[in-house]
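Contents: one structure, followed by commentary.
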Amino acid sequence: MNGEKESDLQLELENRFLTYALSTIVSRSLPDVRDGLKPIHRRILFAMGSIGLNAAAKPVKSAKIIGEVLGKYHPHGDASTYESMVRMAQDFSMRYPLVDGKGNFGSIDGDAPAAYRYTEGKLTPITSYILNDLKKNTVEFRANYDNTLKEPVVLPSRVPNLLINGSSGIAVGMACSFPSHNLSEVMAALITMIKDPDATVTQLMKHIKGPDFSGGGIILNSKAEIRSAYEQGLGAVKIRGEWKIEQLPRGKQQIIIYSIPYGVNKARLIEKIAEIIIAKKLPPLIDVRDESDEKMRVVLELKSGTNTEKIMTYLLRHTELENNFQLNFNCLKPTGEPARLSLKEICRNFLDFRKAVVTRRLEYELAILVKRLHILDGFVAIFSQLDKALKIIRSSKSKQEAHDQLKKGFKLDDEQVSAVLEIPLYRLVAMEVEKILAEQKEKSKEKKQIRTTLSSDKKIWTVVQKELYEIDEKFGDKRRTKIKTIELVEYNAEDFIEHEDAYLVLSKNGWLRKFKTVVVPSTLKYKENDSLLATVKANTREFVAFFTSRGMVYVFKLYNLPYTRTGFGEPVQNLFKFSDGEKVISMLSLDPAELAAGQISPAGDSSNKSSRQTRLSFASENKGGLEGMVIGSSGYGFRFPLSNLIETTRSGRKLMTLKGNDKIVGFSLITGDHLFMASVNGKGIVIQVEQVSLLTGAGMGSRLIKLINSSLAGFKIANKNGHSTINFDDGKTKKINFKDIRVTNRGGQGIIISKRKKITAVE
């Protein structure tokens, strides 16, 4: 029983969701292939036309228009309705705006339009060709939301609005995205299809070269790619902004961006370029300014001798100066069914619609002519025997009697007699009679012409074609968007990184500072309970590695790390994606010059002669011979070639596999042949470095010291004559000479260094 109820409930939910989805698709989100409009846009235009806001009219407050739309046809949100009206008035949104807006209707910078109480609007001239013939029974009407008025199901548009202005929307389970096209190109394609109904997409593309966006730009797709998108109704076009080089005095240059891809916010684009300048990712680029007025003009100020092509290549790859526009030709077919159509199908549906509209208009005009000629025939019959008619009228005692006598005497119907009796006396003069006869002759000729046209599909198509020519002649313009293939200039990202040394200072609590000049770590201030961990120097083009307690390594080029803006620097965890409790335990410059010269490191010994030789070898072999070592608190560790340290993402790369509560105690360059390790419980051991396993990938390594109820406090690598300093929990220190401790094999417990004190660190 419960199963049946659940099944019924599921079925009911599915049915209701389907109803909602279809309602969203049909009534909100998808345009009609015939007039290219969604219901909200159609209602706005119809309402504006109904109150006489044509192109010649005086504009009225947008508030009045919105009120008209909401009150009569669209009882939904005023904000969304006004937004739809605004878009139809924006010349950067629509290729051929349908609303002539007065006032602030927003900008390409993303500025919001003024409230509808401040702006005004009327229809543009081209919109009249969308609304024309609406009163001639050319389209079906339906009841409005409260069944008090009628609204058109579709507008009798002579303009292929879906193609020339495009449309976009998201419905339930489907979306649409139509680009705008050039009107003249579309009209030429439609006329081609009238002449050849079987014309292919390839033939149509002889006229429609591709999308034509309001802001211009360059489409980079090949003809084959565009044709594929048009055939399938699905694809993408790559749009690039346009720029030119402006020569300045003294051999200087600046780049002028004068068009950007459709839909790109100019202010955000400039903001992104400014961020690149501030971050010094493009040092030759000094400044960016917006000097736009009615025409776009974004100025990029450059250093002298800059390669402009490489600059623009970088910006194309890192900003929205190059963007994709998705094509998805989902729309409503004349049957109301949503479908994805090809370019050919869109053109075919529009032309069939135009033929139907023209046919219905001619039939309506014919009916009006027939009705008028019928009346004129009555007039002519009366005027041919005017004296007889006047005698009947004078002898009649009432209007009804005159009506009956005229009907009987001249064999007229009620409609004709009523029209005769309404004629003013002045129209009985000879001149007026001649006018009626001339009108009868003209109307008869028109009737014959219309009937001839209606009797032939070819003649109807001729009318459709003539009207398309008329639209093209009045509103056709040149293409704004170019279509061509342009190869990017190859460049190395490092071309834009300045060659300069920088200095990093890292504290034990993870505060990182980056300086342009040499600093003395001891002169720096640290936060309470914090102190110096490591200092390194590197060229901005070189890498720096950060080793963490969780066995991770993060390798970044130095230029990617920001310069210090505050006194204590920035928390290093803000630069990387650290896990909870993860902290940096060491830092290493991978600059070959610094590795060869020696660098300050918590476990390094830059004074050792063999150490310098090792680094020199590394510098000459590009990390080929230098190794590093990591050891965990459990006493396990391994060597690894420094060549493994390659650039990572912010997420880093696993270096050492850890178990349980184990953590990395430290990292060290291998600068000697002996390894000293000390446990927290006071034991120490010295082994040969060569006994430590060499791993090329992440792992645990081998057991280097056996720890019983203790953990590793620290380690140091040096030669046999080297030494180490150990720190105790009471704050005291002790110097340990390697030669005083017998060298053993790995895995031993070591000797007792301290019986009572615990070791906290090894330096």
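The values are calculated or read from the model by the stated rules, or taken from the named source; none is laboratory data. Worth saying up front: this structure is predicted, and the values here are computed from it rather than measured. Cβ placement follows ideal geometry from the backbone for every residue including glycine, while neighbour counts extend to all protein chains displayed.
Annotations for the structure displayed:
- Single unsatisfied condition, GLN465 versus (1) under 44 Å from the mean Cα position of the chain (by Cα); (2) of a type in the set (S, T, N, Q); (3) exposed (fewer than 13 other Cβ atoms within 10 Å of the Cβ): (3)
Condition check ((1) under 44 Å from the mean Cα position of the chain (by Cα); (2) of a type outside the set (Val, Ile, Thr); (3) closer than 20 Å to SER586 by Cα) across all residues:
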residue	(1), (2), (3)
PHE638	no, yes, yes
SER643	yes, yes, yes
LEU669	no, yes, yes
ASP673	no, yes, no
ILE685	no, no, no
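- Against the criterion of being farther than 24 Å from SER228 by Cβ, in contact with an Asp or Glu (Cβ under 7 Å, 6 or more places away or on another chain) and either assigned to a loop (DSSP other than H, G, I, E, B) or touching a residue at least 12 places away in the same chain (Cβ under 8 Å) (or both), ILE130 qualifies.
- Search result, residues across the stretch 78-106 that are assigned to a helix (DSSP H, G or I) and among the small types (Gly, Ala, Ser): ALA79, SER80, SER84, ALA89
- Matching option when the condition is part of a loop (DSSP other than H, G, I, E, B) and in contact (Cβ under 8 Å) with a residue 40 or more places away in the chain, among LYS58, LYS122: LYS58
- Residues of the stretch 246-287 satisfying the condition of being crowded, with 16+ Cβ neighbours inside 10 Å and assigned to a helix (DSSP H, G or I): LYS266, LEU269, ILE270, LYS272, ILE273, ILE276, ILE277
- Count of the stretch 268-287 residues which are within 22 Å of the chain's Cα centre (by Cα) and over 22 Å from ARG95 (Cβ atoms): 8
- When residues of the stretch 506-550 are limited to those that are over 16 Å from VAL572 (Cβ atoms) and basic (Lys, Arg), the one surrounded by the most Cβ atoms within 10 Å (Cβ to Cβ): LYS537
- Filter result for the condition that a residue is touching a helix residue (DSSP H, G or I) at 6+ places or on another chain (Cβ under 9 Å), touching a residue at least 40 places away in the same chain (Cβ under 8 Å), under 30 Å from MET193 (Cα atoms) and surrounded by 11 or more Cβ atoms within 10 Å (Cβ to Cβ), over GLU446, GLU439, GLU415: GLU446
- The residues listed here are SER702, SER693, SER710; of these, the one that is of a type in the set (Gly, Ala, Ser) and within 14 Å of ALA678 (Cα to Cα) is SER710.
- Criterion violated by LEU488 - all others in (1) at pLDDT below 75; (2) in the same structural domain as LEU558 (by TED's automatic domain parsing) satisfied: (2)
- Contacts under 9 angstrom Cβ, first residue in the stretch 139-162 being in contact (Cβ under 8 Å) with a residue 24 or more places away in the chain and farther than 29 Å from GLU185 by Cβ, partner outside any helix (DSSP H, G or I) and among the aliphatic types (A, V, I, L, M), 6 or more apart: LEU149/ALA143; GLU151/ALA143
- Counting only residues that are outside any helix (DSSP H, G or I) and under 16 Å from LEU373 (Cβ atoms), the stretch 404-463 holds 2 of them.
- Looking across the stretch 192-245, the residues that are acidic (Asp, Glu) and assigned to a loop (DSSP other than H, G, I, E, B) come down to ASP196, ASP198, ASP212.
- Members of the stretch 704-746 that are surrounded by 18 or more Cβ atoms within 10 Å (Cβ to Cβ), of a type in the set (Val, Ile, Thr) and in contact with an Asp or Glu (Cβ under 8 Å, 6 or more places away or on another chain): ILE717, ILE726
- The stretch 277-316: number of residues that are without any contact (Cβ under 8 Å) to a residue 12 or more places away in the chain and either among the aromatic types (Phe, Trp, Tyr) or touching a Leu at 6+ places or on another chain (Cβ under 9 Å) (or both): 1
- Of all residues in the stretch 161-171, one or more are closer than 20 Å to LEU332 by Cα, in a loop (DSSP other than H, G, I, E, B) and modelled with pLDDT under 95.
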